[in-house]
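Have a look at the structure below before the remarks.
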């Protein structure tokens, strides 16, 4: 009897919690055309590479400014404080600009190659990262000869795979 | 039909019509050739429509299942489709639809499939 009364108590409790649960469950919603188009923008290789280039440029700018601020002038004792400041600012400006250009080119090339390779293969793999890293490293070191290009290819590919594995660690 | 299929009905119809390569051409329905006589009554029309609807729903379900199993990795790392999966699904759906319409035409044109 005690068991049956406790069971009937549970039965009277359950419908109220169901009624509280019901409005929270929502039906599956298909995406509208605007949502599909908004997602399709990021599937475009040009858009992705330009965005990646802009981000790379920003990162290079920050890094160049930081490293340029640490640079000490050669003739430190003979310059006044104001001259040192102007020198420092000039150093920061030139270094950040050149670093921003380098990183922007790196970002554009890497992102464009990875996007094109992934679209062609129709697979999401680390092979895309390896190929993109190799091409980026190769083009950046191409001026120093073919051997340097090979070393740059391998090195940058390894680096980009390491970075990707690091960012995917929480899965 | 399941409530899910009823819900998918308008999307399914739009999808079928947009992907149909025979849109605008003479209507080649890839199923058994219906008897289109002048005095077709409501019962027969409803029956045909229901059969067609069931066929379409089955096609949609199978298409979705096949291309999902082929293209999407079972370890889900993120909620959105990445680019590789997107192009894989585009190609899979296109090929499936093309094969389906080709076979439907072959079956509806000749009485027996050529062996």
Inset, instruction - Would you mention how many residues in the stretch A:99-130 are touching a residue at least 24 places away in the same chain (Cβ under 8 Å) and within 14 Å of chain B (Cβ to nearest Cβ)? - result: 7
Legend entry - Single condition residue A:78 does not satisfy, out of (1) surrounded by 14 or more Cβ atoms within 10 Å (Cβ to Cβ); (2) modelled with pLDDT under 85: (1)
Legend entry - Residues of the stretch A:131-171 satisfying the condition of being farther than 21 Å from residue B:75 by Cβ and within 14 Å of another protein chain (Cβ to nearest Cβ): A:131, A:132
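Within the stretch B:53-60, identify whether any single residue is in contact (Cβ under 8 Å) with a residue 24 or more places away in the chain and within 14 Å of chain A (Cβ to nearest Cβ), and answer yes or no. Break it down stepwise before answering.
Here is the first cut: in the stretch B:53-60, the ones in contact (Cβ under 8 Å) with a residue 24 or more places away in the chain are B:53-57, B:59-60.
Still in the running and within 14 Å of chain A (Cβ to nearest Cβ): B:60.
Within the stretch B:53-60, one or more residues are in contact (Cβ under 8 Å) with a residue 24 or more places away in the chain and within 14 Å of chain A (Cβ to nearest Cβ).
The values are calculated or read from the model by the stated rules, or taken from the named source; none is laboratory data. Here the structure is a predicted model, which means the values were calculated and not measured. Positions of Cβ are generated from backbone atoms using ideal geometry, with glycine treated the same way; all protein chains shown enter the neighbour counts.
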